[in-house]
Ligand SMILES: [Zn+2]
């Protein structure tokens, strides 16, 4: 499939698969280009991309602060939960 054809025909379903896959592995140049263009013109996919990035950041912080998180009070956990939900 030519790059321009892939860029013009990428569907949201395929974009969501690529967005999810790119969290774990690098995409081919043509997939990256098609995805970049699709995300520029598609608000739902742009939002999905931001949500995936937020989840990745939260999980990274969670992993690196597991001991500290276990020592938080219920009030502190609730404040963090509300802040995370407000970003979605
Ligand atoms: Zn889309």
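Every number in this text was worked out from the coordinates using simple rules, so none of it is lab data. Just so it is clear, the structure is predicted and the values come from calculations on it, not from any experiment. Methodologically, a virtual Cβ is constructed for each residue, glycine included, from the backbone with ideal geometry; neighbour enumeration extends over all protein chains shown.
Data for the structure
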read-out	value
Fluctuation leader among 72, 19, 33 - the chain, Gaussian network, Cα springs under 10 angstrom	72
Order of 42, 12 under a 10 Å beta carbon neighbour criterion, fewest first	12, 42
Cα-based helix-to-principal-axis angle, 43-64 vs the chain, degrees rounded to 10	40 degrees
Separation in nanometres of the label points that stand 7 Å from Cα toward Cβ, at residue 13 and residue 88	2.5 nm
GNM top mover of 76, 51, 23 - the chain, alpha-carbon springs below 10 Å	76
On Cα atoms only, tilt of 29-41 relative to the major axis of the chain in degrees	70 degrees
Quarter of the Cα convex hull surface for region 3-86, i.e. its orientation-mean projected area (nm²)	6.4 nm²
Candidates 75, 63, 11: whichever shows maximal mean-square fluctuation once the chain is modelled as a Gaussian network with Cα springs under 10 Å	75
Chain lengthening between residue 81 and residue 5 when straightened (0.36 nm per residue, less Cα-Cα)	23.1 nm
Angle in degrees between helix 74-86 and the longest Cα principal axis of the chain, rounded to the nearest 10	20 degrees
Pairwise label distance in nanometres, residue 53 with residue 28, each label 7 Å out on the Cα-Cβ vector	2.5 nm
